[in-house]
Amino acid sequence: MRVLLAEDEVQMSQVLVTAMTHQNYEITAVYDGEQAVSAASKDPYDVIILDIMMPKKDGLEALKEIRAAGNRAHIIMLTAMAEIDDRVTGLDLGADDYLTKPFSLKELLARLRSMERRADSTFTPNVLAYGSVKLNVSEQEIVAKNSIRLSGKETKLMEYLLLNTDKELTTDNIFQHIWEDDDDKNIVWVYVSYLRQKLQAINADIQITGEKDGIFKLTMI
């Protein structure tokens, strides 16, 4: 699971990065709200952890911009503030959870494990859209000028691409999310090829670019 951590207290950030890395999470650490917004717009993350009190942009400003861009990652707010208004504001802006400092590392890691278990079913809408294309996840069907059915793995791959439109996704990113039970990363190229054919078949106005460098992106044509 990929985690973006935005925490301006360097020592605190190092402690959190060490703890999460030890649990085999892939961590990107940034130190202000502006960096958080930039990182969230460029790379795919499953969870974003935002401290509220940060320079340049505070956590609430960063949260608002990240959600406005359509990012559906699970977001946890970190705050030293006890006031209920700050918690309510964060939740209203699109935060999923919050932890009040000082908090237990065990509690943070427990919440991450809970998110990991529920991520496939809880946080993703049943219908995703981009350009003229709509993906019905439960029906395993993509629709544009006409429709076509997808296999289970094709649906998961299309869902992951639609949740991360215009972001560069490496072969490793895709493989880790879709094929936990496989050991051959070449399967990514095979299924990207399948989806390209099906997008073409429904006259979609979106495309999956990339291949030679092992980086893929879902973009408008």
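Among Val192, Val17, the sequence by solvent-accessible area, most first, with a 1.4 Å probe is Val17, Val192. Using the 1.4 Å probe convention, the accessible area of the chain works out to 51 Å² per residue with neighbouring protein chains retained. Ranking Val3, Tyr160, Ala73 by how far each Cα lies toward the positive end of the dipole of the chain (charges on Cβ) leaves Tyr160 at the top.
When the alpha carbon coordinates of the chain are projected onto the principal axes, the ranges are 54, 35, 28 Å, largest first.
For the chain, a Gaussian network of Cα nodes joined below 10 Å ranks Gly33, Gly70, Gly94 by mean-square fluctuation, and the top entry is Gly70.
The sum of -39500 (n - 2.57) across all DSSP H runs of n ≥ 4, divided by the residue count of the chain, sets its helix-only mean residue ellipticity at 222 nm to -13500 deg cm²/dmol. Note: the stretch 162-221, Cα convex hull, 83 Å³ per residue. Here the Karplus curve 6.51 cos²θ - 1.76 cosθ + 1.60, taken at θ = phi - 60°, turns the phi angles of the stretch 97-113 into couplings of 7, 8, 10, 9, 6, x, 10, 7, 4, 4, 5, 4, 5, 5, 5, 5, 5 Hz, with x standing for Gly and Pro. Overall size of the stretch 144-193 from C-alpha positions, given as principal axis extents largest first: 35, 23, 15 Å.
The largest accessible area among His22, His74 belongs to the first residue in His22, His74, and the rest follow in falling order (1.4 Å probe, all chains). Per-atom-type breakdown for the chain gives carbon and sulfur 48% of the accessible area (1.4 Å probe, protein chains only). Across the stretch 36-51, rounded Karplus estimates of 3J(HN,Hα) from the backbone phi angles (6.51 cos²θ - 1.76 cosθ + 1.60, θ = phi - 60°) give 4, 4, 5, 5, 5, 7, 9, 10, x, 10, 7, 9, 10, 10, 10, 6 Hz, Gly and Pro being marked x.
Can you tell me the orientation of helix 152-163 relative to the chain, as the angle in degrees between its alpha-carbon axis and the longest Cα principal axis, to the nearest 10? In the chain, helix 152-163 runs at an angle near 50 degrees to the longest axis.
Test of understanding: given the chain, find the longest segment containing no trypsin sites (Lys or Arg not before Pro) that are in a DSSP loop and have at most 13 other Cβ atoms within 10 Å. The longest such stretch corresponds to 1-144. Enumerate the lysines that Lys217 could reach by cross-link, defined here as Cα to Cα under 23 Å, with residues fewer than 8 away along the same chain left out. Once the sequence-local lysines are set aside, what remains near Lys217 is Lys42, Lys134, Lys145, Lys153, Lys156, Lys167, Lys185, Lys198.
For the stretch 165-175, putting each phi into the Karplus relation 6.51 cos²θ - 1.76 cosθ + 1.60 with θ = phi - 60° gives couplings of 4, 6, 9, 7, 10, 7, 4, 5, 3, 5, 4 Hz, in residue order, rounded to whole numbers and with x for Gly and Pro.
Database remark: amide H of Thr165 closer than 5 angstrom to no amide H (H placed geometrically; neighbours at sequence offset of 5 or more, or on other chains; Pro and chain starts carry no H).
The values are calculated or read from the model by the stated rules, or taken from the named source; none is laboratory data. Because the structure is a prediction, the values reported are computed rather than measured. Positions of Cβ are backbone-derived with ideal geometry, glycine not excepted, and every protein chain shown enters the neighbour counts. For the accessible areas, the whole protein counts, side chains as well, though only heavy atoms, and no ligand, DNA or RNA atoms are used. Shrake-Rupley method; radii C 1.70, N 1.55, O 1.52, S 1.80 Å.
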